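Peer 1: Input: one structure, supplied below.
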């Protein structure tokens, strides 16, 4: 099912990609965009995990680099019945984590330096189990591909607007170019939202089942949410939906309610409530 969803997403983003090219450059651009999209789809499937790690400036580690972290991941993946994933650390001081990769055999679990300092061992186990839950559910491939392709769409929309042929087609071309500049990132964001909101709930449940301690994950989520608001992360917004909590600060003021509609994650309060209910049922 995850593969069908991923390939459907690739097809949808390819149509959007080619449509943007058509607005800016006509049929000639559309043919070129279709060829480029085919090449990019191939690359995003096989190398998307490496691209995402670069977006977060993360480095892959070995057991000797962080033995406690590595051994905890190893212990939890055994409980989950998964192969040992690659482990990585991102340099951000914001406490956060994500999983990426195209399959359980090629998975990566990444945590930030801030996460390692902010959580107790039990809370860290809950977060790592959540990320292993993404791997077990096989939904990290879709999110990883969405990150790379959404970044490409936003980039192409901007390049096309400033350098494309729409400027030579009068007011209609200018208006259509402006609309695509606005709608392309919005469409990519809506796709990422649809992927992430349900996936986070599933991964929370799977993570709680792996550790058997839903409340530890719940308390970790509350701490991570507070940390994300306090310490912003410099990361490409296209990859923000992969993190366990939204790494991008949502501003206050009159626009805050509108901004919240476009969050890539479900409300942390709702996630905590569901985990507390799981704890009550298992008590």
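The values are calculated or read from the model by the stated rules, or taken from the named source; none is laboratory data. Note that this is a predicted model, so its numbers are computed, not measured. Every residue, glycine among them, receives a Cβ derived from its backbone with ideal geometry; neighbour counts consider all protein chains shown.
Conditions (1) modelled with pLDDT under 80; (2) assigned to a helix (DSSP H, G or I), marked per residue:
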residue	(1), (2)
220	no, yes
228	no, yes
234	no, no
246	no, no
257	yes, yes
266	no, no
276	no, yes
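Peer 1: Can I ask one more? Which of the following residues is crowded, with 20+ Cβ neighbours inside 10 Å, more than 15 Å from residue 94 (Cα to Cα) and at pLDDT below 90: 172, 195, 182, 210?
Peer 2: Details: 172 fails: crowded, with 20+ Cβ neighbours inside 10 Å; 182 fails: crowded, with 20+ Cβ neighbours inside 10 Å; 210 fails: at pLDDT below 90.
Going through 172, 195, 182, 210 in turn, the sole match is 195.
Peer 1: Still on this structure: Of all residues in the stretch 66-105 being closer than 23 Å to residue 230 by Cβ and without any contact (Cβ under 8 Å) to a residue 40 or more places away in the chain, which is surrounded by the fewest Cβ atoms within 10 Å (Cβ to Cβ)?
Peer 2: Among those that are closer than 23 Å to residue 230 by Cβ and without any contact (Cβ under 8 Å) to a residue 40 or more places away in the chain, it is 91.
Peer 1: Need a quick list: helices (runs of 4 or more DSSP H) entirely within the stretch 45-147 having at least 3 residues that are under 14 Å from the mean Cα position of the chain (by Cα).
Peer 2: On the way: elements: 67-80, 113-118, 121-137.
By residue number, 121-137.
Peer 1: Could you check how many residues of the stretch 42-56 are crowded, with 16+ Cβ neighbours inside 10 Å and modelled with pLDDT under 75?
Peer 2: 2
Condition check ((1) surrounded by fewer than 24 Cβ atoms within 10 Å (Cβ to Cβ); (2) touching a helix residue (DSSP H, G or I) at 6+ places or on another chain (Cβ under 6 Å); (3) modelled with pLDDT of 95 or more) across all residues:
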| site | (1), (2), (3) |
| --- | --- |
| 122 | yes, yes, yes |
| 127 | no, yes, yes |
| 130 | no, yes, yes |
| 140 | no, yes, no |
| 144 | no, yes, no |
| 149 | no, yes, no |
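Peer 1: Among the residues of the stretch 99-142, count how many are out of contact with any strand residue (DSSP E or B) (no Cβ under 6 Å at 6 or more places or on another chain) and within 13 Å of residue 203 (Cα to Cα).
Peer 2: Here the count works out to 10.
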